[in-house]
Amino acid sequence: MYSSNSDKITRDYLDSLLIETRYLDSVIPDTTLNLFGHSFATPIMTAALSHLSNTAPDGMRIYAKGAALSNTVHWVGMGDDAELESIAATGAKTIKIIKPHADNREVFRKIGHAISCGCIAVGMDIDHSFQSNGQYDNVMGLPMKAKSTEELREFVQASSVPFIVKGVMSAKDAEKCLSVGAGGIVVSHHHGMVDYSCPPLMVLPDILKATGGSIPVFVDCGIESGMDAYKAMALGATAVSVGRHLMPMLKDGEHAVSDEINRMTATLAGVMARTGIADTTRFEPSVIHKRNF
């Protein structure tokens, strides 16, 4: 069921978080997310997946269309220029995540191309720098390289839209992202890239303390339900990304993807109503309790 022990640890941690109900003075909740000058129907976003044609023919476009149907943020990972152009043509408001290519010229080129496609933000998954043997990564024949804080600053400055850093799992990295002007960060262990990685929600409070609410902080990895999304947002996440949970729906088309996002959003709204949360800007961490029995 799990591809790494980090995935199971993340699932167990999510399931260990309990909520208290608060009915008095509660109202019908509003799940609207306002982000980067756009308004979305839900804070449950797609995740930055790649190569979905291995799951379903035209999987990347189906994934994007599902996000567009649900009026949510669509994230996209590795892919060529033509693929991103076809995704943009679906009308999905997209954030493009770029690999840490060894050649920074390719990073700058991809930033420019993503902006020309109308992406509302761009970014980099910094955790794709190394292989498990400690050497620099190579992804589908493309060499990768760890980036310095100064290089990250150059990427941020080269982008006319917010630049998001994905793969932040510590307050130290979050502080560096903030220092260079990053437009947001994604707390993610990249589907258990490192064994025994902390669950994203375990490190989220420290990261939020480091950023001080000055930039959006998104959560990725293991989000499978509206309840999972609620727990992440109650602990301070701006929004959450769902990836692998949506992949089985791809074979049934974009409406199946959209239906699942909508179902998760309805669950999120139900928990919000029963815990006194009026909208996505008013989540309260005190409703969360860690199981100790």
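Summary of values
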read-out: Residue among GLU284, GLU254, GLU224, GLU260 that alone is in contact with a helix residue (DSSP H, G or I) (Cβ under 6 Å, 6 or more places away or on another chain) and open to solvent by 40 Å² or more (accessible area, probe 1.4 Å); value: GLU254
read-out: Of all residues making up segment 29-42, the number that are part of a loop (DSSP other than H, G, I, E, B) and touching a strand residue (DSSP E or B) at 6+ places or on another chain (Cβ under 7 Å); value: 4
read-out: Cross-chain or 6+ apart pairs with Cβ under 6 Å, segment 2-28 first and open to solvent by less than 60 Å² (accessible area, probe 1.4 Å) and assigned to a loop (DSSP other than H, G, I, E, B), then of a type outside the set (A, V, I, L, M) and at pLDDT below 95; value: SER4/GLY192
read-out: Among the candidates ALA82, ALA48, residue that is over 16 Å from the mean Cα position of the chain (by Cα), modelled with pLDDT of 95 or more and open to solvent by 20 Å² or more (accessible area, probe 1.4 Å); value: ALA82
read-out: Options GLY59, GLY77: the member that is at pLDDT 95 or above, surrounded by fewer than 22 Cβ atoms within 10 Å (Cβ to Cβ), over 20 Å from LYS110 (Cβ atoms) and not aliphatic (A, V, I, L, M); value: GLY59
read-out: Only listed residue being open to solvent by 60 Å² or more (accessible area, probe 1.4 Å) and closer than 26 Å to VAL27 by Cβ, chosen from GLY270, GLY213, GLY236, GLY276; value: GLY213
read-out: Residue among GLY213, GLY276, GLY270 that is touching a residue at least 12 places away in the same chain (Cβ under 8 Å) and assigned to a loop (DSSP other than H, G, I, E, B); value: GLY276
read-out: Condition met for ASN71 (within 28 Å of PHE283 (Cα to Cα), open to solvent by 30 Å² or more (accessible area, probe 1.4 Å), without any contact (Cβ under 8 Å) to a residue 60 or more places away in the chain and out of contact with any Cys (no Cβ under 7 Å at 6 or more places or on another chain)); value: yes
read-out: Every residue from segment 125-144 that is of a type in the set (A, V, I, L, M, F, W, C) and either crowded, with 22+ Cβ neighbours inside 10 Å or closer than 14 Å to HIS189 by Cβ (or both); value: ILE126, PHE130
read-out: Failed item in (1) of a type outside the set (A, V, I, L, M); (2) modelled with pLDDT of 95 or more; (3) not in a helix (DSSP H, G or I), with ASN292 passing the rest; value: (2)
read-out: Residue match in segment 126-149 (condition: in contact (Cβ under 8 Å) with a residue 40 or more places away in the chain and of a type in the set (Gly, Ala, Ser)); value: yes
read-out: From the options VAL139, VAL107, VAL122, residue that is of a type in the set (A, V, I, L, M, F, W, C) and within 29 Å of THR281 (Cα to Cα); value: VAL122
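Let's see how each residue does on (1) outside any loop (DSSP other than H, G, I, E, B); (2) basic (Lys, Arg); (3) open to solvent by 10 Å² or more (accessible area, probe 1.4 Å); (4) more than 26 Å from GLY37 (Cβ to Cβ):
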position: ALA146; (1), (2), (3), (4): no, no, yes, yes
position: PHE155; (1), (2), (3), (4): yes, no, no, no
position: ALA182; (1), (2), (3), (4): no, no, no, no
position: ASP195; (1), (2), (3), (4): no, no, yes, yes
position: ASP206; (1), (2), (3), (4): yes, no, yes, yes
position: LYS209; (1), (2), (3), (4): yes, yes, yes, yes
position: ALA229; (1), (2), (3), (4): yes, no, no, no
position: ARG244; (1), (2), (3), (4): no, yes, yes, yes
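The values are calculated or read from the model by the stated rules, or taken from the named source; none is laboratory data. Fair warning: this is a prediction, and the values are worked out from it, not measured in the lab. For neighbour counting, all protein chains shown are included, and Cβ atoms are generated from backbone atoms with ideal geometry for every residue, glycine included. Quick note on the areas: whole protein, heavy atoms, side chains included, nothing else; ligands and nucleic acids left out. Shrake-Rupley method; radii C 1.70, N 1.55, O 1.52, S 1.80 Å.
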